[in-house]
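Heads up: the structure comes next, in structure tokens.
Please treat every number below as a calculation from the coordinates, not as lab data. Quick caveat, the model's predicted, so the values are computed rather than measured. Here the Cβ positions follow ideal geometry from the backbone for every residue, glycine too, while neighbour counts run over all protein chains shown.
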């Protein structure tokens, strides 16, 4: 696949690190793709069994192969043919979902301060069918209302600043069908890409305002599948806000700038490769590429290998930090599925130029977890993660995971950190509790230096989809 952009290495010592990272990525991609690319070109190549492993990414993060510019599909509003009979397609194909959510979060920061809140809310989402097979509309409203939240324990991000509740029309968009698999969209909606995504780990997600064009090609009968998208995103609604602000201001610059995005992903059988670029004039350019390859070792063992590379640098007048910067991060990951278990080993390494940033969504790094992203300047991190799906032994919808991340290489005044996370999820999926989910999560982060302070983060999230 031809990369969508070329990002030159800078001077000042970063050049060697940049090329070293590219060499590492190229070697990994050769390892991942070397055995499959020739087979794709052979007419008599056997069709490989599709391997699907649970995601080991943190909640809110979007891997490249899951990148989606389109709005999520919703259940049909009229769920039987009899109810839909005789209706125009605009109404017949309407989709609707309501979600109730309650969220409790309590944490202790490194400085000893505490945050705590409990909120109740949810969302109402609607998407029409196509009018004249060309145009449709969609809308999503969100709310988060305080059940408990002392004013001196603000900061959980499940309520607005000051522990106030809020309601917002977070999505209101139109979609224009240019061809069967090519769509243009405008307005306020959700996007899910590695660096611009909904990051839905509180009461309400990030949503965005802008224009986009996206589509797909191929994929039938084992043929190569392409998904692509491009757009201009000018504003963002942050996760605990009822207002849309300029993307540049959300990133921390006191000017009004949007972000141009273009990306594509290729997939065939169990191999995928994608790249995406984000450009904001005078603010930042972010480039991301990722590859993965999955294979069945035996009937009981499935292995997925992944590699990623990010590059970030200032642009134009360097208005984000006031000076030029350039940095990057590489990562590799192996997921091993063994029956109901998923075992993950991941490694990331950030360049010394500057810390990585992710102002418009969840960070895509393989060692980014519940609290920390492990993407400080010069930081290397190793993650060990184990997950088990108890459905395999008769407990429907019950799963749990534990992980630990060890970070090294950070220079003062910052500190090296370790994080340990525990999570228990229950999502029955059938019967009277279909649509219900319960999740409890606990994280502890320890800093090494400055008295070795620790951070604790405890969450309980309950969702019900009607």
Most exposed to least, judged by fewest other Cβ atoms within 10 Å, 276, 233, 137 sort to 137, 233, 276
Stretched fully, the stretch from residue 406 through residue 96 gains (0.36 nm per residue minus C-alpha distance, one decimal, in nm) 107.3 nm
Listed with the fewest Cβ neighbours within 10 Å leading, 52, 405, 262 appear as 52, 262, 405
Row for segment 234-330, column shape: gyration tensor on C-alpha, a ≥ b ≥ c, rounded if a/c < 1.5 i.e. under 1.5, prolate if a/b over b/c, else oblate; value prolate
Final fewest-first order of 143, 446, 207 on the 10 Å Cβ neighbour count is 446, 143, 207
Simple SL model, points at 7 angstrom along Cα→Cβ for residue 135 and residue 382; separation in nm is 5.8
If R0 = 45 Å, then residue 298 and residue 462, at their Cβ-Cβ distance, give a FRET efficiency to the nearest 0.05 of 0.75
Distance in nm between residue 145 and residue 440 label points, each 7 Å along Cα→Cβ, equals 2.7
A student asked for the Cα radius of gyration and Dmax of segment 315-466 in angstrom ought to give 18.6, 59
Classified through the alpha carbon gyration tensor (a ≥ b ≥ c as square roots of its eigenvalues; rounded if a/c is under 1.5, else prolate when a/b is larger than b/c, else oblate), segment 167-278 comes out prolate
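Quick one: grab the alpha carbon gyration tensor of the chain, order the square roots of its eigenvalues as a ≥ b ≥ c, and give me rounded if a/c is under 1.5, else prolate or oblate depending on whether a/b is larger than b/c.
rounded
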Once normalised by the length of segment 14-465, the mean sequence separation of its alpha carbon contacts under 8 Å that are 6 or more apart gives a contact order in percent of 13
